[in-house]
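Report on one structure; see the data block that follows.
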Amino acid sequence: MTKFLAFDLGAESGRAVVGHLEDDRLRLEEIHRFPNGPVQVLNSLHWDVLRLWSEIKHGLGLAAKTHGNDLVSVGLDAWGVDFGLLAADDTLLGNPYHYRDRRTDGMMEEAFRLVPRTEIYERTGIQFMQLNSLYQLLAMSKANSPALHAARTFLNIPDLFNFWLSGQKANEFTIATTSQCYDPRAENWAWDLLERLGIPGRIFGQSGVEIVPPGTVLGPLRASVAEQTGCGSLHVVASAAHDTASAVVAVPTLSEDYIYTSSGTWSLMGIEVTKPIISEKSLAYNFTNEGGVAGTFRFLKNIMGLWLVQECRREWARLGRPFTYEELTQLAAEASPFGPLVSLSDSRFLPPGNMPGRIQQCCRETGQTVPQTEGQIVRCALESLALEYRLVAERLDELAGRRMPTLHIFGGGSQNQLLNQFAADATGRTVVAGPVEATAIGNVLVQALALGVVSDLSEARALVRRSFEVTTYDPRDTAAWDEAYERYLKLIN
């Protein structure tokens, strides 16, 4: 039996999942799960990539013990924008920074002083967010970073692990585009833009490191890793290395008239297109063009998703009031509807910390009733998120030139039934929730495409429809949400 091993690294946790085809269905088995999160060292936030590497090897060992010679390949996906820098001898230069590290404060404005904002967007088509790789690298350049001076190779986080797995250095297309260092029209790095910002071009492939499409077989598993883990000679596949790109592969759609939302720490909401949409209007709305699978681009908006709820939960646990997500959702459901709202683009919500206090302060500053209870605070976050979904959906309709009546919500956040119903009510669209494991499913399917087990993207999505249940939410009580939406528009403007 042909089996595929997928590692899915998220901002809160990672897992190893084995997938295989059986009775014309895709079956998944989670074999390892482990925590993830930022590590503060002095005043900086980093990722503990060596511990993650240890967990990946442990997952390989578990897969080898459980599934043995049936395993044929391994693929890995992760979050975007963060990266590792390698020296000339391929050693890692320090712990990669976490995208919420504050060193990028003010770096977008510094970039616009050197290159006009409109020109950066025209070249890259990427949404402006201070966490983008471009501004992380600019911060290093402005600080005269010794690591940047010594660096010879830039690898996004999944590409770094792929290198450690296979010995092959490559930047996979879907993750490379998130950096805001890539020119989608030229189909290469934006060399002159990097030069004007003082970012050394040598780290972006001038040493021979290529940008490869999703589904590229990088080679066999390193012999040393195979020996340490007990694995055989697996193919290492550069799957759709950006987690959202993998998840979009698993949209169980029958139509092109849909909007997808990958719901988790971030909500990534968009449509699939065959070429990037780079225009004055897409710039004004701050939409992004990230690489997809099978010659597509993901035209989308990055929204600060369930991060607010996650950080509230973490803060309350620190204060001795632990809650499950289910308990918080129930408290929110019991709270009074249509209370205070917050803007999801407010930069105060980006770093970790006292999120309940920040939400309360934001409401206080905007002259709204300040939420006091846990349920009121979580309901404020969820209603604000649903209204942001409506705003983004209406702008996607406008830019696509048609109304899309269905909203597919997948990923871990699709388990939040309250948010799913809020999304249907706020947007006036049918919400189809699931599959929960969309990212791991997409990772497995790209490996299956790479090895010829699945023929194309249409067949892959048909397989998802047969294999996994979804839940449908129809809109109701939309008039009350219309009034809340007017308040939300005034707040964000």
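The values are calculated or read from the model by the stated rules, or taken from the named source; none is laboratory data. Since this is a predicted model, take the numbers as computed values, not measurements. Please note: Cβ atoms are built from the backbone with ideal geometry, for glycine as well, and neighbour counts cover all protein chains shown. Keep in mind that these areas ignore ligands, DNA and RNA; they rest on the heavy atoms of the full protein, side chains included. Shrake-Rupley method; radii C 1.70, N 1.55, O 1.52, S 1.80 Å.
Among the chymotrypsin sites (Phe, Trp or Tyr not before Pro) in the range 304-351, which ones are in a DSSP loop with at most 15 other Cβ atoms within 10 Å of the Cβ? Mind listing them? Show your work: numbers first, answer last.
Working: sites: W307, W316, F323, Y325, F338, F349; in loops: F323, F338.
Hits after loop and neighbour filter: F338.
Please name whichever of A423, V453, T439 sits farthest to the positive end of the charge dipole of the range 388-493, dipole taken about the Cα centre and charges placed at Cβ: Lys and Arg +1, Asp and Glu -1.
V453
For the range 83-161, what number results from the quotient of the Cα radius of gyration and 2.2 N^0.38 Å? Don't jump to the answer; show the numbers that get you there.
Numbers: Rg = 13.2 Å, N = 79, 2.2 N^0.38 = 11.6 Å.
Relative to the rule-of-thumb radius for its length, the range 83-161 sits at 1.14.
Determine, from the Cβ-Cβ distance of E469 and Q417 and an R0 of 22 Å, the FRET efficiency 1/(1 + (r/R0)^6), rounded to the nearest 0.05. Present the calculation step by step, with values, prior to reporting the outcome.
Details: r = 14 Å, r/R0 = 0.63.
The formula returns an efficiency of 0.95 here.
Report for the chain the percent antiparallel among DSSP-assigned beta bridges with both residues inside it, nearest 5. Kindly include the intermediate steps, with their values, before the conclusion.
Working: 52 of 74 bridges.
Approximately 70 percent, going by the DSSP bridge assignments.
If you stretched the chain out fully between T274 and Q228, how much longer would it get, using 0.36 nm times the residue separation minus the C-alpha to C-alpha distance?
Extra length from T274 to Q228 when fully extended: 12.3 nm.
Which length gain, in nm to one decimal place, applies between D456 and Q372 when the Cα-Cα distance is subtracted from 0.36 nm times their residue separation? Intermediate results must be reported in sequence, preceding the final value.
Working: separation 84, 0.36 × 84 = 30.24 nm, distance 5.12 nm.
Extra length from D456 to Q372 when fully extended: 25.1 nm.
Can you pull the percent of the chain's accessible area that's carbon plus sulfur, 1.4 Å probe, other chains left in place?
48 percent
Compute the relative contact order of the chain as a whole-number percentage, counting only Cα pairs closer than 8 Å that sit 6 or more residues apart in sequence. Please report the intermediate quantities before stating the final value.
Numbers: 1017 pairs, mean separation 77.2, N = 493.
Taking the mean separation of contacting Cα pairs over the length of the chain, I get 16 percent.
What Rg and what Dmax come out for the range 395-453 when only alpha-carbon atoms are used, in angstroms?
Final numbers for Rg and Dmax: 14.8, 42 Å.
What aspartates and glutamates could a cross-link reach from K169, if we take a straight Cα to Cα line under 12 Å and drop same-chain neighbours fewer than 8 places away?
Of all the aspartates and glutamates, those that pass the test against K169 - Cα under 12 Å, at least 8 places apart if same chain - are D90, D159, E210.
Under the rule of -39500 (n - 2.57) per DSSP H run of 4 or more residues, summed and divided by the residues of the chain, what mean residue ellipticity at 222 nm is obtained, to the nearest 500 deg cm²/dmol? Don't skip to the end; give the middle numbers.
On the way: 19 runs with 199 residues, N = 493.
It comes out at -12000 deg cm²/dmol, rounded to the nearest 500.
If DNA, RNA and ligands are ignored and the probe is 1.4 Å, what is the ranking of I211, I409 by accessible area, most exposed first? Intermediate results must be reported in sequence, preceding the final value.
Details: I211 50, I409 0 Å².
Reading off the accessible areas and sorting them downward yields I211, I409.
What's the longest piece of the chain with no exposed GluC sites (Glu not before Pro), counting a site as exposed if DSSP puts it in a loop and it has at most 16 other beta carbons within 10 Å? Can you show the working numbers first?
On the way: sites that count: E12, E187, E256, E469.
The longest such stretch corresponds to 257-468.
Between R51 and S336, 0.36 nm times their residue separation minus their Cα-Cα distance comes to what?
On the way: separation 285, 0.36 × 285 = 102.60 nm, distance 4.32 nm.
So the extension gain works out to 98.3 nm.
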